[in-house]
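Nothing in this text is a laboratory measurement; each read-out follows from the coordinates by a stated rule. Keep in mind that what you see is a predicted model, and the values were worked out from it rather than measured. All Cβ positions, glycine included, derive from the backbone under ideal geometry; neighbour counts span all protein chains shown.
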Amino acid sequence: MSEALTGTVAFVTGASSGIGEATAEALAAHGAAVAVVARRTDRLESLAERIRARGGDAFAIDADVTREDAARGAVDRAVEHFGRLDVVINNAGLMLLGPIPGADTNEWMRMIDVNVRGVMFCAHAALPHLQRAAVNGPRQVADLVNVSSVAGRVARAGAGAYNATKFAVNAFTEALRQEVTAKFVRVSVVEPGMVDTELRSHNRPEIQEMLAKSRAIPNPLQAAEVADAIAYVVTRPRHVAINELLVRPTEQVN
């Protein structure tokens, strides 16, 4: 790996598994010290230990980013521990599928809390630190990456509420990009297609059964492959901004 992020600090949410876990490892391999954030402390500590065993630096932060005070507290703890913040990866997400008629609206609210409020709260808390890093940091640029989905581009029956949250992430990302890009805070959205993670397992049993019967993609993306795309975004030269990156398995049509 390169040392493109040496001297920087990254903050990764949803880091206890899947894309977040793989992204933390990828950024550490590029030289960043990494604050890993999630609610499953045991998994975070294990991840931090692996990163440190490979010669990196990591700090585990147990936080529920759906609460504004907790999101802000997590950012503050990362800055207090490492002294700065250069890269934020808003990856924490939840995918609860099902038709809109007769839906359990509690599931809608859970997704809005994690997928939208969590992203917005972390971004708001981190922005002052990212703006300082863009002026005083070793790279003279900072990065905020929001992990969205193909579902943020195309709405489909059976995923309406999930679609709504990811469309919101895309809109928020683009508006923020316009507001801060001239100050060398790059704001990007990464939109994975089907990824082999535990995300689907959060659904009700009947939805999981429906998904199992649906046409499967033989070779879905792996978490490390999405992490590689995120690392590509944040390791570009200062004058290059990757605003949007859509990455699908080759066999995924839409």
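A few points about this structure:
- Under-5 Å amide H pairs with SER188, H placed in peptide plane, nonlocal only: LEU144, VAL145, ASN146
- Spacing of the modelled spin labels on THR181 and SER46, each 7 Å from Cα toward Cβ, amounts to 4.0 nm.
- If the chain linking HIS81 and THR105 were pulled fully straight, counting 0.36 nm for each residue of separation and taking away their Cα-Cα distance, it would gain 4.8 nm.
- Charge dipole of region 9-247 (Cα centre as origin; +1 on each Lys and Arg Cβ, -1 on each Asp and Glu Cβ, all else neutral): 480 debye, rounded to the nearest 20.
- By the Cα gyration tensor, region 125-174 has an equivalent ellipsoid whose semi-axes, rounded to whole angstrom, run 32, 9, 6 from largest to smallest.
- This ranking places PHE11, PHE59 by how few other beta-carbon atoms lie within 10 Å of each, fewest first, which gives PHE59, PHE11.
- The chain: calculated mean residue ellipticity at 222 nm from DSSP helix runs of at least 4, using -39500 (n - 2.57): -13500 deg cm²/dmol
- Proximal charge balance of PHE82 [Cβ under 14 Å; K/R count +1, D/E count -1]: 0
- The residues PHE172, PHE121, when put in order of fewest to most other Cβ atoms within 10 Å, stand as PHE172, PHE121.
- With kT/(6 pi eta Rh) evaluated at 25 °C and eta = 0.890 mPa s, and Rh the Kirkwood radius from Cα pairs, the chain diffuses with a coefficient of 135 µm²/s according to Stokes-Einstein.
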